[in-house]
1. Looking only at residues that are outside any loop (DSSP other than H, G, I, E, B) and of a type in the set (Val, Ile, Thr) in segment 34-55, which one is farthest from Asp23 (Cα to Cα)?
2. Quick check on my filter: what residues within segment 2-32 are at positive phi and either surrounded by 16 or more Cβ atoms within 10 Å (Cβ to Cβ) or among the aliphatic types (A, V, I, L, M) (or both)?
3. Pick out the one residue from Thr75, Thr67, Thr58 that is among the β-branched types (Val, Ile, Thr), assigned to a loop (DSSP other than H, G, I, E, B) and in contact with a Gly (Cβ under 8 Å, 6 or more places away or on another chain).
Amino acid sequence: MFWLTSRIKSIGQLDFDYTSITDEGIKHLTNLKTIRELRLKGCNITDHCLPDLNKLHTLELLHLGNTLIKLDDITLVSSLQNLKLLLLSSSEDEDLNEEKAIGLKIVLPECEIIINHKSYD
C-alpha cells in the first residue's frame, strides 16, 4: 500500500472488497490528496481505522459493509462532509438500525445512508 500511495496522489476509486487490507493499510490512504470512492466491503477492518478514514475529506462513497465496524462507531467519520453515499451492515434489528441511521444523518446530512441494503435517506 505504501508503494502505491507514495507514487500516486489522486485516485478516483479504490476497490478493496474482500481483500486482506488491514487497519494499518488504511493509514497509508491518508497520503492520497484526492480519493472519491473507497470500497472496503468484507474486509477485516475495525473501528481503529476510522480516525484515518476520517482524514479522507474528498470521499464521496464509502462502502464498509460486512466489516468489523459497528454502527455505533460510524459517527467517528463526521469530517467526511463530501460523502454522498455510505454503505454499512448491521446484525441489529431494523428499528435500531433506523434509529442509528437518523443519528448518522445529523452528522452527515448530505449523505445517503444504506444499512443492509435499505436506504435511510
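The numbers here are math on the coordinates, done by the rules we state, and not lab data. Treat the numbers as computed from the prediction; the structure is a model and nothing was measured. Note that each Cβ is placed from the backbone with ideal geometry, even for glycine, and that neighbours are counted across all protein chains shown.
1. Filtering segment 34-55 for residues that are outside any loop (DSSP other than H, G, I, E, B) and of a type in the set (Val, Ile, Thr), the one farthest from Asp23 (Cα to Cα) comes out as Thr34.
2. Those that are at positive phi and either surrounded by 16 or more Cβ atoms within 10 Å (Cβ to Cβ) or among the aliphatic types (A, V, I, L, M) (or both): none in segment 2-32.
3. Exactly one of Thr75, Thr67, Thr58 is among the β-branched types (Val, Ile, Thr), assigned to a loop (DSSP other than H, G, I, E, B) and in contact with a Gly (Cβ under 8 Å, 6 or more places away or on another chain), namely Thr67.
To keep it simple, each residue is scored yes or no on (1) touching a residue at least 24 places away in the same chain (Cβ under 8 Å); (2) surrounded by 15 or more Cβ atoms within 10 Å (Cβ to Cβ); (3) hydrophobic (A, V, I, L, M, F, W, C).
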position	(1), (2), (3)
His63	yes, yes, no
Asn66	yes, yes, no
Asp72	yes, no, no
Gln81	yes, no, no
Leu88	yes, yes, yes
Asp93	no, no, no
Leu104	yes, yes, yes
Cys111	yes, yes, yes
Ile114	yes, yes, yes
